[in-house]
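The structure appears below as structure tokens.
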Amino acid sequence: MDVRAAVAVAAGKPLEVTTVQLEGPKAGEVLVEIKATGICHTDEFTLSGADPEGLFPAVLGHEGAGVIVDVGPGVTTVKQGDHVIPLYTPECRQCPSCLSRKTNLCTAIRATQGQGLMPDGSSRFSIGGKKLHHYMGTSTFANFTVLPEIAVAKVREDAPFDKICYIGCGVTTGIGAVMNTAKVQAGATAIVFGLGGIGLNVIQGLRLVGADMIIGVDINNDKKKWGERFGMTHFVNANDAGKDLVAHLVNLTKRGADQIGGADYTFDCTGNVNVMRQALEACHRGWGESVIIGVAGAGQEIAARPFQLVTGRVWKGSAFGGARGRTDVPKIVDWYMEKKIEIDPMITHTMPLADINKGFDLMHAGKSIRSVVVF
Ligand code: NAD
Ligand code: AHE
Ligand code: ZN
């Protein structure tokens with residue numbers, strides 16, 4: 001069938017909105033009509049050419065919501081008409097990782113997903129007979145896409161697509177990093193580096209679990225009001241603090257008789273390896289945990305003095321907020337519908353697919369929190 005898609009033709013080039021061809025679902029797969037998709041910084045990361053797994057030409061996008069319009073042979077867990085959120089982290093419930101209960105990183109289809117292919121090793125997308133790559137197993141920058149049934153979360157039908165698409169990545173990543181990865185307790189002190197579409201959801205998660213002091217760090221002063229809107233208690237401009245940033249943060253978090261300082265939890269939501277180091281160093285000696293959420297480009301490496309870890313700090317990472325998609329995503333949609341979490345104010349811009357490149361421009365300019373393409 002013919003579908004409308006934004007095609008990433010080459011690294012660093014604007015997306016080309018055009019008609020492409022999509023084959024129907026094969027065994028174990030579903031055809032989803034995408035109703036809305038967010039634009040995450042990771043789409044920009046891959047489009048820029050920094051992603052070591054980046055493939056071109058491809059249909060990017062991984063933050064969608066839509067309706068199942070067809071199912072392939074053998075599909076049992078979802079049906080035509082179901083409302084779903086595509087999952088770039090699937091949940092097969094059978095692979096060693098799913099069965100371990102130690103991680104959300106299902107391995108059932110990760111190898112082919114990283115090659116831009118469906119699990120049978122082929123692509124469903126093409127243009128003029130030439131193959132187009134899938135992206136993150138989701139390719140939501142198209143009005144129809146094909147996914148394995150283990151890579152969709154069935155959600156309630158009264159939830160608006162143009163808001164819950166954000167649960168397909170940003171909301172779940174931020175809130176999940178707090179609740180699943182760090183397991184932050186009430187009364188904790190926390191520092192969030194980078195107050196964009198992910199960092200604000202970390203802040204929202206910290207407020208939800210009852211964190212006491214929530215410090216936000218950004219280089220853009222416009223983010224102060226955004227952080228405060230979702231529960232941030234203190235704002236620090238990293239450029240103003242300069243080389244003294246870590247010392248300033250440690251000083252801000254001094255509590256108790258020993259006056260050592262440092263946060264119980266820190267979160268990197270920038271993808272900048274120098275910031276990741278600052279986030280580790282701003283943790284409390286003996287127990288502080290620093291969670292890396294940001295994604296860094298090919299060739300980038302993190303560095304720190306081992307002393308930071310010897311003295312009890314913990315460095316860990318979080319993908320998709322440690323969430324098990326088919327189990328956890330429907331619950332997060334419920335939280336949104338029950339007004340336990342907010343999404344609407346973070347969606348600062350909406351646009352038709354034809355204007356998708358404007359969403360990337362707004363991100364570059366630091367003017368948006370989330371742009372959502374509505375089909
Ligand atoms: P964004 O562009 O919306 O926000 C990034 C923020 O970081 C901006 O507010 C920017 O001003 C700020 N920033 C930039 N440099 C900084 C610095 N030196 N110090 C402090 N703040 C700085 O991006 P986003 O959508 O929020 O994504 C954030 C990161 O998370 C990206 O690297 C993205 O690829 C990654 N990500 C990871 C996962 C995961 O599962 N691990 C999921 C989604 C996104
Ligand atoms: N392809 C990159 C890694 C990108 C990455 O880490 N992606 C995150 C999700 S970002 C969503 O916005 C993730 O889930 N990682 C786990 C995985 O299996 O990819 C690279 O560096 O090669
Ligand atoms: Zn994302």
Can you tell me which residue among 285, 255, 277 is more than 16 Å from ligand 2 (Cβ to nearest atom) and modelled with pLDDT under 95? 255
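The rows are residues; the columns are (1) under 28 Å from residue 49 (Cβ atoms); (2) hydrophobic (A, V, I, L, M, F, W, C); (3) surrounded by 22 or more Cβ atoms within 10 Å (Cβ to Cβ).
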| position | (1), (2), (3) |
| --- | --- |
| 245 | no, yes, no |
| 300 | yes, no, no |
| 305 | no, no, no |
| 308 | no, no, no |
| 322 | no, no, yes |
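Here is a yes/no grid of residues against (1) surrounded by 23 or more Cβ atoms within 10 Å (Cβ to Cβ); (2) not assigned by TED's automatic domain parsing to the domain that holds residue 347:
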| residue | (1), (2) |
| --- | --- |
| 151 | yes, no |
| 162 | no, no |
| 185 | no, yes |
| 193 | yes, yes |
| 198 | yes, yes |
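Scan region 312-329 and give yes if some residue there is of a type in the set (D, E, K, R) and either under 27 Å from residue 236 (Cα atoms) or assigned to a strand (DSSP E or B) (or both), otherwise no.
yes
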Show the residue pairs that are 6+ apart or on different chains and have beta-carbon atoms under 6 Å apart, the first residue being within region 213-225 and outside any strand (DSSP E or B), the second being surrounded by 17 or more Cβ atoms within 10 Å (Cβ to Cβ). 219/238; 223/195; 224/235
I'd like to check something: does region 134-151 contain any residue that is closer than 20 Å to residue 350 by Cβ and of a type in the set (Asp, Glu)? no
Of the numbered conditions (1) in contact with a helix residue (DSSP H, G or I) (Cβ under 7 Å, 6 or more places away or on another chain); (2) within 14 Å of ligand 3 (Cβ to nearest atom); (3) of a type in the set (A, V, I, L, M, F, W, C), residue 15 satisfies every one except a single condition; which is it? (2)
Cβ-Cβ under 6 Å pairs, at least 6 apart or on other chains, region 49-66 side within 15 Å of residue 161 (Cα to Cα), far side within 11 Å of ligand 2 (Cβ to nearest atom) and among the hydrophobic types (A, V, I, L, M, F, W, C): 62/136; 62/169; 63/40; 63/169
What's the total number of residues in region 330-375 that are in a helix (DSSP H, G or I) and of a type in the set (Lys, Arg)? 2
Yes or no: residue 114 closer than 28 Å to residue 355 by Cα and either under 17 Å from the mean Cα position of the chain (by Cα) or surrounded by fewer than 19 Cβ atoms within 10 Å (Cβ to Cβ) (or both)? yes
Among the residues of region 349-375, write down those that are more than 15 Å from residue 199 (Cα to Cα) and polar (S, T, N, Q). 350, 357, 371
Within region 303-360, can you find the residues that are β-branched (Val, Ile, Thr) and over 19 Å from the mean Cα position of the chain (by Cα)? 310, 311, 314
Going through region 343-375 one residue at a time, which ones are touching a Leu at 6+ places or on another chain (Cβ under 7 Å), within 12 Å of ligand 1 (Cβ to nearest atom) and among the polar types (S, T, N, Q)? 368, 371
Within 16 Å of ligand 3 (Cβ to nearest atom), at negative phi and outside the structural domain of residue 163 (by TED's automatic domain parsing): is that true of residue 266 in this structure? no
Quick test for you: out of 332, 356, 343, pick the one residue that is over 23 Å from residue 82 (Cα atoms), of a type in the set (A, V, I, L, M) and modelled with pLDDT of 95 or more. 356
Subset of region 157-206 that is in a loop (DSSP other than H, G, I, E, B) and touching an Asp or Glu at 6+ places or on another chain (Cβ under 7 Å) - its residue that is farthest from ligand 3 (Cβ to nearest atom): 187
Just the residues that are within 16 Å of ligand 3 (Cβ to nearest atom) and either of a type in the set (D, E, K, R) or in a strand (DSSP E or B) (or both), please, taken from region 295-311. none
Residue that is farthest from ligand 1 (Cβ to nearest atom), among those in region 16-48 that are of a type in the set (Gly, Ala, Ser) and over 19 Å from residue 117 (Cα atoms): 36
Looking at the structure I just gave you, is residue 177 more than 16 Å from ligand 2 (Cβ to nearest atom), within 20 Å of the chain's Cα centre (by Cα) and crowded, with 24+ Cβ neighbours inside 10 Å? no
Considering residues of region 11-40 that are surrounded by 21 or more Cβ atoms within 10 Å (Cβ to Cβ) and within 16 Å of ligand 2 (Cβ to nearest atom) only, the residue nearest to residue 144 (Cα to Cα): 37
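The values are calculated or read from the model by the stated rules, or taken from the named source; none is laboratory data. This one's a predicted model, so the numbers in the text were calculated from it and none came from an experiment. Don't worry about glycine lacking a Cβ; one is built from the backbone with ideal geometry, like all the others, and counts go over all protein chains shown.
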